[in-house]
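So the structure is just underneath, and the comments pick up after that.
The values are calculated or read from the model by the stated rules, or taken from the named source; none is laboratory data. Here the structure is a predicted model, which means the values were calculated and not measured. Please note: Cβ atoms are built from the backbone with ideal geometry, for glycine as well, and neighbour counts cover all protein chains shown. Side chains included, ligands, DNA and RNA excluded: accessible areas come from the protein's heavy atoms. Shrake-Rupley method; radii C 1.70, N 1.55, O 1.52, S 1.80 Å.
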Amino acid sequence: MIVGLGLISFNQVTNSLRQLNAVLIISLMGGAMVLSGALFWSQIQGFPTYTRVFEWAAAGNFHLTMGYTIDHLTAMMLVIVTTVAFLVMVYTDGYMAHDPGYVRFYSYLSLFGSSMLGLVLSSNLVQIYVFWELVGMCSYLLVGFWYDRKSAADACQKAFVTNRVGDFGLLLGILGLFWATGSFEFDVMGDRLAQLVDTGSLSYSLAVIFAVLVFLGPVAKSAQFPLHVWLPDAMEGPTPISALIHAATMVAAGVFLIARMYPVFLCLPATMNIIAWTGALTAFLGATIAITQNDIKKGLAYSTISQLGYMVMAMGTGAYTAGLFHLMTHAYFKAMLFLGSGSVIHGVEEVVGHDPLLAQDMRLMGGLRKYMPITSITFLIGCLAISGIPPFAGFWSKDEVLAAAFQANHLLWFIGWLTAGITAFYMFRIYFSTFEGKFRGNDKEIQQSIKQAANTFVLSSESERLTPDYNPGVIEQGKISGEHHNFHEHRDYPHESPWTMTIPLAILAIPSILVGLVGTPFGNYFEQFIFAPNETSAEVVEKAAEVDLNGFYIMAGGSVAISVAGITLAALMYLLGQIQPAIIASKIKPLYNLSLNKWYFDDIYHSIFVMGLRRLARQVLEVDFRVVDGAVNLTGFFTLVSGEGLKYLENGRAQFYALIVFGAVLSLVILFGVT
């Protein structure tokens, strides 16, 4: 609020105090991080759940409360949000150092942080919905931060509209559940809904519809099929936002809401099945699209979609703890990967130019390990973690998700297992293409071919666009905006990022390696801390004592084997060059095109919804023009004609008026005389 009011009231002065504003916002987030750590420690020590509420609105018997809840789930989410947000804010100082919107960016970051904290602290569903919309608004502002670029402006609108679809379903679900249960409290809704369904007071099908409508909110926010299309386009925002919103916090809000609504979903097996299969399909969909992406950020975006699918699948199979465990580990290693991609872009763009089309394309990278050692090491750690290689964090959480899927449904497990291999392949495709081999950024032929391909693609996909998306526009202070507002002199080779960017990467590498150790089958401390609402701590301890280590070794061996196979294939294709990707692509051309064109979802949605709505709008305009305007214009024309005719009768002569009266009387006499 302080920085925002300063920008509105004293814009030039506030913008000139860049470092002071950054220190203020980072310090406040640091304070929130310390408080979150203290709350987390108090929950570990066994403090009971604490809820503080006050009356927000009342009308007759209707009372709406607002407040906050501190329990194990909230404490964990607070730590994740504040630690990642703090490190992203520190990183932002280096990444956005030369951007004229530096202060505005920090104010948006702070607004997003407060909205996200309000969401995870909410004590009821209505309050969650309020902060849910605030988070969506911040996403719109941040994705469209460089709004002078047409692609960024389109991306933020696409994200906003797609999320409105899911949020409308969430609103209908909230209203339906309140109509059925008379409450917005999570536990109360779950208990009452179960009673209503058991006694037959409420149709099971209707209850499932209400629950699925609520699930539509997480489907949009966590980019699940079929509302996943907005997330890759959201990479048009600055990279720190990709790390904060689209990897660690906002997209995880959908999984968090599923966890909060777990008492409601648990009593409806049909809803749980829908959640599980939606997650499984999304995981496979995201992974298969990621394998052909050349934009480093979009490759990571589809990876995020895939990993969110794992979390949702775990929730749907009843593996409450496994889903949240993967949420925690993924938050750290994916935030590190996104910040690593931003470091790569920062180092490369002074060679290829500040055009995001070129600076983000992996075909113009390669050999960066020699020039950016810290970034390459941390990125490799992230790749190993997400690929499920032990002992990195992703191995323990992903393995737990797959084990739960195997117990629930073997087909779900197979989809998840196959996706794990594809994940390892595309992540090491990104790593080898970016950091190994020789640097290709100075190759003018590749640059020209990329521009021509982008130009052709844009013109053929939307004929009304005459300007390629990669052309940056001109805005703040007359400067050209690109992926990074940096105006250093041209370099021949990339360079390592400043310490404000590399230190957050190094810090995030620590939990990416170690945080998974809290959830191993040899001592699952995470499960003893966070477990499903329908379980007790005694049941969790008893279940932990009955862990089948032989089964764990078999499941873990299978998941590691498929991951190693994926890494090996990526090495043969992109490191050693023994397999030519172009030859493989030519042999499976239909599948390659399916992946390259993102399963044609964007094209289908464009044809059905965008063009369909435009046709509908034209028809409505035609009706408005011919019927509505026609009726109004006809009325005006009739008034004009009748007025023109009557003015000849109003000449002011008494003899003429007497003649008219005589004629009227004569006409009446004749009329009645005839009848």
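Computed quantities for the displayed model
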quantity: Residue in the stretch 9-24 that is closer than 23 Å to Thr74 by Cα, open to solvent by less than 60 Å² (accessible area, probe 1.4 Å) and either in a helix (DSSP H, G or I) or modelled with pLDDT under 85 (or both) present; calculated: no
quantity: Top-ranked residue of the stretch 38-71 - restricted to ones that are assigned to a strand (DSSP E or B) and aliphatic (A, V, I, L, M), ranked as farthest from Pro533 (Cα to Cα); calculated: Ala59
quantity: Residues located in the stretch 195-207, provided they are over 21 Å from Tyr129 (Cβ atoms) and buried (at least 18 other Cβ atoms within 10 Å of the Cβ); calculated: Leu196, Val197, Leu202
quantity: Helices (runs of 4 or more DSSP H) contained entirely in the stretch 372-485, each with at least 3 residues that are at pLDDT 90 or above and under 17 Å from Ser563 (Cα atoms); calculated: 373-386, 393-408, 410-435
quantity: Residue that is farthest from Leu111 (Cα to Cα), among those in the stretch 1-37 that are small (Gly, Ala, Ser) and under 29 Å from the mean Cα position of the chain (by Cα); calculated: Gly37
quantity: Qualifying residue in the stretch 318-325 (condition: in a helix (DSSP H, G or I) and without any contact (Cβ under 8 Å) to a residue 12 or more places away in the chain); calculated: no
quantity: Residues satisfying the stated conditions in the stretch 643-666, i.e. open to solvent by 70 Å² or more (accessible area, probe 1.4 Å), assigned to a helix (DSSP H, G or I) and either touching a helix residue (DSSP H, G or I) at 6+ places or on another chain (Cβ under 7 Å) or not aliphatic (A, V, I, L, M) (or both); calculated: Glu644, Gln655, Tyr657, Phe662
quantity: Yes/no for Arg363 being part of a helix (DSSP H, G or I) and at pLDDT 90 or above; calculated: no
quantity: Qualifying position, being open to solvent by 10 Å² or more (accessible area, probe 1.4 Å), under 19 Å from Ile245 (Cα atoms), in a helix (DSSP H, G or I) and of a type outside the set (D, E, K, R), among Met328, Met311; calculated: Met328
quantity: Residue check, Ser107 open to solvent by less than 40 Å² (accessible area, probe 1.4 Å), in contact with a Leu (Cβ under 7 Å, 6 or more places away or on another chain) and within 22 Å of Phe86 (Cα to Cα); calculated: yes
quantity: Elements of type helices (runs of 4 or more DSSP H) in the stretch 72-191, at least 1 residues being among the polar types (S, T, N, Q) and touching a Gly at 6+ places or on another chain (Cβ under 7 Å); calculated: 102-121, 150-181
quantity: Residue satisfying condition, being open to solvent by 20 Å² or more (accessible area, probe 1.4 Å) and within 24 Å of Leu339 (Cβ to Cβ), within set Leu411, Leu364, Leu384; calculated: Leu384
quantity: Residues within the stretch 183-230 that are more than 31 Å from the chain's Cα centre (by Cα) and without any contact (Cβ under 8 Å) to a residue 12 or more places away in the chain, tallied; calculated: 6
quantity: Filter result (closer than 14 Å to Leu231 by Cβ and either touching a Phe, Trp or Tyr at 6+ places or on another chain (Cβ under 6 Å) or open to solvent by 10 Å² or more (accessible area, probe 1.4 Å) (or both)) within the stretch 137-153; calculated: Tyr140, Leu142
quantity: Helices (runs of 4 or more DSSP H) contained entirely in the stretch 248-302, each with at least 3 residues that are surrounded by fewer than 22 Cβ atoms within 10 Å (Cβ to Cβ) and in contact with a Cys (Cβ under 8 Å, 6 or more places away or on another chain); calculated: none
quantity: Residue satisfying condition, being modelled with pLDDT under 90, within 20 Å of Ile2 (Cβ to Cβ), open to solvent by less than 10 Å² (accessible area, probe 1.4 Å) and within 25 Å of the chain's Cα centre (by Cα), within set Met89, Met116, Met96; calculated: Met96
quantity: The stretch 35-63 residues that are under 30 Å from Asn524 (Cβ atoms) and at pLDDT 85 or above, paired with ones that are of a type in the set (Gly, Ala, Ser) and open to solvent by less than 70 Å² (accessible area, probe 1.4 Å) (beta carbon under 7 Å, 6 or more apart); calculated: Leu39/Ala75; Phe40/Ala75; Gln43/Ala75; Thr51/Gly67; Thr51/Ser123
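Conditions tested, residue by residue: (1) touching a Ser or Thr at 6+ places or on another chain (Cβ under 8 Å); (2) assigned to a helix (DSSP H, G or I); (3) surrounded by fewer than 20 Cβ atoms within 10 Å (Cβ to Cβ); (4) of a type outside the set (Asp, Glu).
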| position | (1), (2), (3), (4) |
| --- | --- |
| Ile507 | no, yes, yes, yes |
| Glu527 | yes, yes, no, no |
| Glu542 | no, yes, yes, no |
| Gly551 | no, yes, yes, yes |
| Ile567 | yes, yes, no, yes |
| Leu576 | no, no, yes, yes |
